[in-house]
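Notes for the one structure printed next.
The values are calculated or read from the model by the stated rules, or taken from the named source; none is laboratory data. Owing to the predicted nature of the structure, the values given are computational and were not obtained by experimental measurement. In this analysis, Cβ positions are derived from the backbone assuming ideal geometry, glycine residues included, and neighbour counts consider all displayed protein chains. Ligands, DNA and RNA are stripped out before the accessible areas are found, and what is left, the full protein with its side chains, is counted by its heavy atoms. Shrake-Rupley method; radii C 1.70, N 1.55, O 1.52, S 1.80 Å.
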Amino acid sequence: MANVIVVGAQFGDEGKAKVTDLLARNADVVVRYQGGANAGHTVVANGNTYKFHLIPSGILYSGKVCILGPGMVIDPKAFISEIDALMERGLDDALLRISASAHVTMPYHLILDAAEEESRGAQKIGTTKRGIGPTYADKCARSGIRMEDLLDRDVLKAKLDWMVPRKNVLLERLYNLPPLSAKEILDEYYELGQKVKKYVCDTSALIFQAVGERKNILFEGAQGTLLDLDHGSYPFVTSSSPSAGGACVGAGVGPTTIDRVIGVSKAYVTRVGEGPFPTELTDELGNKLRETGVEIGTTTGRPRRCGWFDAVLGRYSVRINGLDCLAVTKLDVLDAFEELKICTAYRDRETGETYTDLPSIGSKFQRMEPVYKTLKGWLKPTTECRSFKELPEMARQYLEFMQHELDVPVAIVSVGPKRDNTIVIEDPIHGPKRVLSKPTA
Ligand code: IMP
């Protein structure tokens, strides 16, 4: 029995879905704990490509309970079109469950996300426009609508009759947009509630029961640590808690339930949307990474910004998540680079000071420029390698350097999109974990 959190150790899009897919084989329950339809998880299984936005990729295996946890925000229309498309492809929804406490992304959230972004001008965040920020804002303001509210027409009506006139003030007066009708939303969303009713339950009770039965539970994070509302590069973050701590709150389990935390990092770094990115490459090398790695956002189709691997951010991620080990993805994308760089420290552009640990994730972060260690590339294909030994010498050195810099074992390496393009160096669940360093003073 092991309960494992899989978390993005960078800015999202690390290839978590492939790692979750690998680990889901031995899981009984797969739980998504935060975020909403902003996520885009791609899994290539048995020659088919699946793209997930809300539903845990564990649904690819039959017999696994798949849970959309209370920490998520769910757009019921997006959910229905996703599950319908998966069922058309022969997948089964019998064990799919949605938390009654998960918040609902309503039509005004989608409109306000786009309008707020537009109004920010140069200060825009570059959101996915899936209504994420406004849905979580209403949740925190204690005026959100939860999945269970969709099932009770009277409750839904009372909430909408209060909420919609308030949203209309914003829409009409602040953004010069047409008002919405509470009655139309009530009819449409009550109807949607009836369609998803069969999935809605108290998922935390299900998880508690699974814990008691010593089942294997996999907690699947979306986005990444540097997009975490508290620990990411605020304000260029998402509105939830993708980091490992978020799994407990977002799934409704106690921290004592968790056995392992696995971080997922690309062998380089990508970011979509605005915000600081110290190792970003805006030159030909960046284009080469983007083209080779097919770095296009799954949800929005936006090209991703690309750059060298950043060990300072990696160490930060180890700290924030308490990572036990690392899964490194897309190593093969680096196959054709003569030289590779890894950022080992930052230099403050204004003061000239250098830092090996992130001095601040706040405004100072914007001033950081990378200090690099240059490594030789391996200039050989790695996609067919199935063991650490089979990797070219320089690729092994690259991984060993990452491991040394982050002080965390690399357990898994992905060398291509297919399930079998994977090297398992150590069992990520039962193999060696990060050993705590001795206190310095
Ligand atoms: P939001 O989550 O749509 O509000 O977007 C906030 C920030 O998070 C933007 O920079 C997005 O590009 C980024 N973001 C949101 N979801 C993902 C994701 O799944 N992968 C990568 N970036 C994301």
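Here are the numbers for this structure:
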{"quantity": "Hits in segment 134-147 - residues which are of a type in the set (Ser, Thr, Tyr) and either in the same structural domain as ARG304 (by TED's automatic domain parsing) or near the ligand (Cβ under 10 Å from one of its atoms) (or both)", "calculated": "THR135, TYR136"}
{"quantity": "Residues satisfying the stated conditions in segment 108-133, i.e. touching a residue at least 24 places away in the same chain (Cβ under 8 Å) and near the ligand (Cβ under 9 Å from one of its atoms)", "calculated": "ILE125, GLY126, THR127, THR128, LYS129, ARG130, GLY131, ILE132, GLY133"}
{"quantity": "Filtered residues of segment 119-153 (kept if buried (at least 20 other Cβ atoms within 10 Å of the Cβ), in contact with a Pro (Cβ under 9 Å, 6 or more places away or on another chain) and in a loop (DSSP other than H, G, I, E, B))", "calculated": "GLY131"}
{"quantity": "Within segment 350-370, considering residues that are within 23 Å of the chain's Cα centre (by Cα) and open to solvent by less than 50 Å² (accessible area, probe 1.4 Å), the one nearest to PRO276 (Cα to Cα)", "calculated": "PHE365"}
{"quantity": "Index of the failed condition, VAL294 passing every other in (1) part of a loop (DSSP other than H, G, I, E, B); (2) in contact with a strand residue (DSSP E or B) (Cβ under 6 Å, 6 or more places away or on another chain)", "calculated": "(2)"}
{"quantity": "Options GLN223, GLN209; residue that is assigned to a helix (DSSP H, G or I), more than 20 Å from PRO370 (Cβ to Cβ) and of a type in the set (S, T, N, Q)", "calculated": "GLN209"}
{"quantity": "Segment 258-278 - residue that is within 11 Å of the ligand (Cβ to nearest atom) and of a type outside the set (Asp, Glu) and, of those, nearest to PRO417 (Cα to Cα)", "calculated": "THR270"}
{"quantity": "Any hit, segment 329-349, residues being within 16 Å of the ligand (Cβ to nearest atom), crowded, with 17+ Cβ neighbours inside 10 Å and either in a loop (DSSP other than H, G, I, E, B) or not hydrophobic (A, V, I, L, M, F, W, C) (or both)", "calculated": "yes"}
{"quantity": "Any hit, segment 21-41, residues being within 14 Å of the ligand (Cβ to nearest atom), crowded, with 24+ Cβ neighbours inside 10 Å, farther than 21 Å from ALA78 by Cα and not hydrophobic (A, V, I, L, M, F, W, C)", "calculated": "no"}
{"quantity": "Residue in segment 279-299 that is among the polar types (S, T, N, Q), buried (at least 22 other Cβ atoms within 10 Å of the Cβ) and away from the ligand (no atom under 16 Å from the Cβ) present", "calculated": "yes"}
{"quantity": "Search result, residues across segment 422-432 that are farther than 18 Å from ALA27 by Cα and buried (at least 20 other Cβ atoms within 10 Å of the Cβ)", "calculated": "ILE423, ILE425"}
{"quantity": "Cβ-Cβ under 7 Å pairs, at least 6 apart or on other chains, segment 295-310 side at positive phi, far side surrounded by 21 or more Cβ atoms within 10 Å (Cβ to Cβ)", "calculated": "none"}
{"quantity": "Any hit, segment 200-221, residues being in contact with a helix residue (DSSP H, G or I) (Cβ under 8 Å, 6 or more places away or on another chain) and within 16 Å of the ligand (Cβ to nearest atom)", "calculated": "yes"}
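Residues are listed down the side, and each one gets a yes or a no for (1) within 14 Å of the ligand (Cβ to nearest atom); (2) open to solvent by 50 Å² or more (accessible area, probe 1.4 Å); (3) not in a strand (DSSP E or B):
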| site | (1), (2), (3) |
| --- | --- |
| PRO242 | yes, no, yes |
| CYS248 | no, no, yes |
| VAL253 | no, no, yes |
| LEU313 | no, no, yes |
| ARG319 | no, yes, yes |
